[in-house]
Amino acid sequence: MIKSTIHFLLFCLIIISCKKEQYLKHIEGKNTDVSELISSDETIENFIKPYKARINNSLDSIIAYSPKYLSKKDLEPNSLNTAVGNFMADAVFEMTNLKISEYNTKPIDFVLLNHGGIRSSLPSGNLSKRTAYNLMPFENAIVLIELTPSGIQDLLKYLSVNQRAHPISGLKLAINKKGQIIESSINNKDIDLNKNYVVATSDYLLNGGDKMNFFKLNKNVSSIDYKIRDALIDYFSKKDTIAPISDNRFIYLDH
């Protein structure tokens, strides 16, 4: 049985008549264990029932279809990308570039998310808003970061040394088994280490999540009031059928 403790503050107020002022004289606290033995309040249950039904109906409405089950553990030989990770990064790339037409900001050049942020698989069959909530249950917002050349170099080094299937889109990287970078490009062009690039990522990573401290080497940071989860939902609705694949965006090469 799982127990949690809710602290109820019992206020004992002693009103002292002094120049018409009132003072809080004493506060006491008491712990009350909440468990399954405590029955629910039927009045409250009946009150929230229609709202709960409406929310569940919205979350479970079908908005897309996936022909295959996809897991973040599905790694092809010599590959450091997964189909479900590619889907999430591509969704953020496409939907963010559509979203920022409302803002006075530069288009993004690429996307970097984190592998640990994929919280479930993409099931086969019908997809709903609830699917997006399962994939991204956190309130992580998309931020746009203009990285300096030093930041780009540190980002590439991080990915090559870390060697984890962090979702990327717009960025291609090939490394050897020693973690040395063999090929790299952004938007199918060789990376120019004399210019800044705009990357879309999460506010969690911006703040140093997964030790991605290179994001601190930025020139500008912009917020577009757009959650990763909402980008996934919008992408579901826009695409209808979701069929991503593992490709060559992040791979090992033998030479």
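The values are calculated or read from the model by the stated rules, or taken from the named source; none is laboratory data. Only a predicted model underlies this, so the values are computations on that prediction, with no experimental measurement involved. Here the Cβ is made from the backbone with ideal geometry for all residues, glycine too, and neighbour counts use every protein chain on show.
Right, Ser184: out of contact with any Pro (no Cβ under 6 Å at 6 or more places or on another chain) and either in a loop (DSSP other than H, G, I, E, B) or free of Cβ contacts under 8 Å to residues at least 60 places away in the same chain (or both) or not?
It is true that Ser184 is out of contact with any Pro (no Cβ under 6 Å at 6 or more places or on another chain) and either in a loop (DSSP other than H, G, I, E, B) or free of Cβ contacts under 8 Å to residues at least 60 places away in the same chain (or both).
The rows are residues; the columns are (1) surrounded by 17 or more Cβ atoms within 10 Å (Cβ to Cβ); (2) in contact with a helix residue (DSSP H, G or I) (Cβ under 7 Å, 6 or more places away or on another chain).
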| site | (1), (2) |
| --- | --- |
| Ser185 | no, no |
| Lys189 | no, no |
| Leu193 | no, yes |
| Asn207 | no, no |
| Leu217 | no, yes |
| Ala231 | yes, yes |
| Asp234 | yes, yes |
| Asp254 | no, no |
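Those residues that are assigned to a strand (DSSP E or B) and either in contact with a His (Cβ under 7 Å, 6 or more places away or on another chain) or surrounded by fewer than 17 Cβ atoms within 10 Å (Cβ to Cβ) (or both), I need them from segment 236-252; list them, please.
Thr241, Tyr252
Could you go through segment 169-181 and let me know if any residue there is buried (at least 17 other Cβ atoms within 10 Å of the Cβ), touching a residue at least 12 places away in the same chain (Cβ under 8 Å) and assigned to a loop (DSSP other than H, G, I, E, B).
yes
For segment 191-200, does any single residue satisfy the condition of being part of a helix (DSSP H, G or I), in contact with a strand residue (DSSP E or B) (Cβ under 6 Å, 6 or more places away or on another chain), of a type in the set (S, T, N, Q) and over 23 Å from Ser66 (Cβ atoms)?
Scanning segment 191-200, I find no residue that is part of a helix (DSSP H, G or I), in contact with a strand residue (DSSP E or B) (Cβ under 6 Å, 6 or more places away or on another chain), of a type in the set (S, T, N, Q) and over 23 Å from Ser66 (Cβ atoms), so the answer is no.
Out of segment 209-221, which residues are at pLDDT 95 or above and in a loop (DSSP other than H, G, I, E, B)?
Result: Met212, single match.
Of all residues in segment 74-129, count the ones that are of a type in the set (S, T, N, Q), outside any loop (DSSP other than H, G, I, E, B) and touching a residue at least 40 places away in the same chain (Cβ under 8 Å).
Qualifying residue count for the region: 5.
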